[in-house]
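Below you'll find the structure, written out as structure tokens, and then a few comments.
Since every read-out is calculated from the coordinates, none of them should be taken as a lab result. All figures in this text were calculated on a predicted structure; none of them were measured in a lab. Positions of Cβ are backbone-derived with ideal geometry, glycine not excepted, and every protein chain shown enters the neighbour counts.
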Amino acid sequence: MALVKKSELKKKVTKMADVTDFVKDRTVQANNELESALDEYAMIKLDMNRLFAKFKAIGFETIVCKQDMPYDDDTVLTETNITIYLQEIEELISYMITYLAVRMNEPNASLAAVAVKNLPEKSFDRRMRGVK
């Protein structure tokens, strides 16, 4: 086994210390980012809870999204239930838009309830584009 010079050993130890410090700094930074994300997550859940509670207190009920989703502090958002939450809020906001349109006597209030994604795509023949 070859002997390592003292100066080379010092360089390697210094390099390892630098790498260790870098990893520690990155770990602290990642933990800070995680804490920040968890704080935002908690605020979002609180806002969701308030929003849905107000919708339900007013009497808006969902038809498409029939699952009773929890909105408490123990709720863990996953890809599956985020989709359900988004469906529920989309439906409630759609009802609110329709309600406001009817309340303001908008002539096209019934169209407010039609989801844009459900409208058929219109394709016009090139010959029909001209105004006659």
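May I ask for the net charge around Arg26, where only other residues with Cβ less than 13 Å from the Cβ of Arg26 are counted and Lys, Arg are +1 while Asp, Glu are -1?
On the way: positive: Lys24; negative: Asp18, Asp21, Asp25, Glu33.
Cβ neighbours under 13 Å give a net charge of -3.
Using label points projected 7 Å from each Cα along Cα→Cβ, tell me how many nm separate Lys11 and Lys54, to one decimal.
The two pseudo-label positions are separated by 6.6 nm.
Provide Asp74, Asp21 in ascending order of the number of other Cβ atoms located within 10 Å of each residue's Cβ, fewest first. Display every interim value, and only then the final one.
Numbers: Asp74 6, Asp21 10.
Final ranking by Cβ density, sparse to dense: Asp74, Asp21.
Per the Cauchy relation, a quarter of the hull surface: what is the mean projected area of the convex hull of the alpha carbons in the range 8-117, in nm²?
Numbers: hull surface 45.1 nm².
Averaging across all directions leaves 11.3 nm² for the Cα convex hull.
How much length is gained if the chain between Leu46 and Arg26 is pulled fully straight, taking 0.36 nm per residue apart and subtracting their Cα-Cα distance, in nm to one decimal?
Details: separation 20, 0.36 × 20 = 7.20 nm, distance 3.01 nm.
So the extension gain works out to 4.2 nm.
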